[in-house]
Structures are given as C-alpha cells and as structure tokens.
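Derivation of every value follows stated rules applied to the coordinates shown; laboratory data play no part. Because the structure is a prediction, the values reported are computed rather than measured. So basically every Cβ, Gly included, is an ideal-geometry build from the backbone, and we count neighbours across all protein chains shown.
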Amino acid sequence: MDYEEEFTGILFRVFGLPVTSFALFVVIGAVIGLIMALRRAKRCGVSQNDVLWFAMLGIPLGLFCARLVFCLYHFDEIRYSGIGYIFRLDYGGFTVIGASLGLALAGWITKRITRAPFVRLMDAVLPGILIVLAMERFGEGATENGTGLEVSVHALQFFPLARPGIYEGMSTYAVHMFEGMTALIAGMYTQMLTAAPGRAAGSGVILAAAGQIVWESIRKDDRMMFDMASLLMIYCAIVLFAVLMICLLRLDWPWSGKGIVLGGFLLLAVITGAFQFFMEGKFVHIFPVWACFFISCITTAAIAWLCLRTLRAATEP
C-alpha cells in the first residue's frame, strides 16, 4: 500500500480539493500558534512584524523540509516518480525532523531580514510551534498512524488512550495522542514563561524532545527505524545534547564540573538505549517490556531534568 493511501482519511472537499483530519488539525494549530506568538512578541523583545516574517517563511519551509526528509528516507519513491515527488505535499508523508529543521532555517532567515535576536525570536514563537506539534499529533492520532504496544487490560481499551489494532479484538496504545498531549502541556507551560532570554525556547525544546523519546519508544507501526530506535528518537537525543552543550559553553564552570554534567548525560543516554534494546527483544529478555519502558522513562526524565537545570544556570541574569 502506498504511503499516501495509508496517510489519512478525507473529511470533506473544498472546491474539489480533499481536506484531511491531519491538514485540518495542523491549520487550526498554526492559527492558534500564530496568535500565541503575536501575543508574546513584545514580552520577548521582538516585534509582531518579526513574528509575521517568521510565520510567512516557516510555513512553506517547514512543510517542504518535512516532506523532503521523508522522501530522502524513502528514496526509491523519488527514483521511481521523479524529483517532483518531493513537492507533492498532497501525498502526505512528513517528518517532525524535517519540519524542525525548516523552522530553524526560517528563524535564521528572519534574523537576517529583520535583525531580530534569534534567541528572543525563538522565545516568542516556540510555545506556538509546540501547539502546532500537538495539533499535528492529534490529527495523526485520529488516523491509523502511531500504533503502539498492545493494550492487554480490557478496561484501558478506550480512545484516546487506545485504538483498535490490526486484528479483531486487539487494541494498541495511541502513541500520537500521548505525544500530542505532551507537546500541548509543554506549549502551555512555556507560553507562561517570562524568564531570562532563552529559557522559554530551551525549555520547550527539551520537554518536546524528551517527550518524543519516551512515547516513540512504544511505537510498533511502520516508522523510520534505526535498529532498536526510530530516527526521531535519535534526532531528539542529538537535540538534547546540543542544547546541553550550548548551555555549558555559556557557563563559566570549571571543566571538571562540565565533565560531570556531560558524563551524567551520556551515562543516562546509554542506560536509556540499553533498555530500548531490551524492549525490542534484543539480546536476552532480562526484563519484561513494561519494566524496560518504566526504567527508560525514568532515565529520560533524568536527562530532561539535567538539561533544564543546566539551561536555568546558563540563562540566569
């Protein structure tokens, strides 16, 4: 089955063009996110014009890069259909990885055009971006995407916690709904933050990345995989490490202190990866799946806490 066929169902048509649940949720999220960013602009030290520039650049760049990364992973589709396949946004097939890269590029271009400080611009727009991510995940959660582990307890087999599985009588956890709720909470929390420059943007990135790592670990449907983990999980881990490094470079701590923080991060990352191996049935079944997931959640939360504490220290006045 083609990816565009399994992508989502059509809700209705406008002038003959299909409107899907995914597209509708994303548009609603984009409108809410833009309103949130415009309201935050003055508090973050940028103008509403800066936010509008970012929106005008971020929407096309985010969509294009999200589609581009998906197509590069499924390169056979490009070889078969031609380079124009990348531009068929109506086919579906997007990635959070590509969208985040496109939005970062839009922020850099906006900075070059308007001279708005990049960090302050991200403080203004990132809470809204998290709302867009939440709505995008809710939109996917309304389709057949984001299938997780099987829900064996009958009392828990209800939407939005679970969804019908492939086989009759089976239910699986609705992973995208969990991811959407995490992004929604992170967006609402960072929208209220008015701390030092960089605190809101950094906190939002850390919370979103950690949430994606946790919930993606229980996905079992067709996804971009790298052995025991999805590429999105690995990408989020790299993002967390990058945020931590940026914060450490801003601090005047002794190298021994920075080394302890880095060592703690890497140790927690190794432990999380090890239990992902166990969850996927690699090596030997030392622990049951639920125990592996529980421990990996704790270590991921510890990574997020470590990054947040370092961010707080780096952004203190």
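Mind running the shape call on the stretch 13-159? Use the C-alpha gyration tensor, a ≥ b ≥ c as the square roots of the eigenvalues: rounded below 1.5 for a/c, prolate if a/b tops b/c, oblate otherwise. Cα axes put the stretch 13-159 in the oblate bin. Each peptide in 242-251, 35-44 was scored by the mean count of other Cβ atoms within 10 Å over its residues; highest first, the order is 35-44, 242-251.
Work out the FRET efficiency for M245 and V19 from their Cβ-Cβ distance, taking R0 = 30 Å, and round it to the nearest 0.05. It comes out at approximately 0.10. Scalar couplings 3J(HN,Hα) for the stretch 172-188, obtained by applying the Karplus form with A = 6.51, B = -1.76, C = 1.60 to θ = phi - 60°, are 10, 5, 7, 4, 5, 5, 5, 5, x, 5, 4, 5, 5, 5, 5, x, 5 Hz; x denotes Gly and Pro. Note on the chain: Rg/Rh from C-alpha atoms, Kirkwood Rh, equals 0.97. For D252 and R312, the FRET efficiency from 1/(1 + (r/R0)^6), where r spans their Cβ atoms and R0 equals 22 Å, is about 0.90.
The charge dipole of the chain, taken about the Cα centre with unit charges on the Cβ atoms of Lys, Arg (+1) and Asp, Glu (-1), comes to about 1500 debye, rounded to the nearest 20. Taking a ≥ b ≥ c as the square roots of the Cα gyration tensor eigenvalues, with a/c under 1.5 meaning rounded and otherwise prolate when a/b beats b/c, else oblate, which class fits the stretch 18-66? Taking the square roots of the gyration eigenvalues as a ≥ b ≥ c, the stretch 18-66 is oblate. Put the Cα centre of the stretch 80-143 next to the Cα centre of the stretch 40-61 and the gap is 14 Å.
When peptides 202-209, 253-260, 120-127, 47-54 are sorted by average Cβ neighbour count within 10 Å, with the highest value leading, the order is 120-127, 202-209, 47-54, 253-260. Given R0 = 41 Å, the distance between the Cβ atoms of I109 and F294 translates into a calculated FRET efficiency of 0.45. With K and R counted +1 and D and E -1, the other residues having a Cβ less than 10 Å from that of L149 yield a net charge of +1. Here the spin labels are modelled as points 7 Å beyond Cα on the Cα-Cβ line, and at I83 and M170 they lie 4.3 nm apart. Entry note, the stretch 3-314: relative contact order of 16 percent, from Cα contacts under 8 Å with a spacing of 6+ residues.
Using a simple spin-label model with pseudo-atoms 7 Å out from Cα toward Cβ, I260 and L63 lie 5.0 nm apart.
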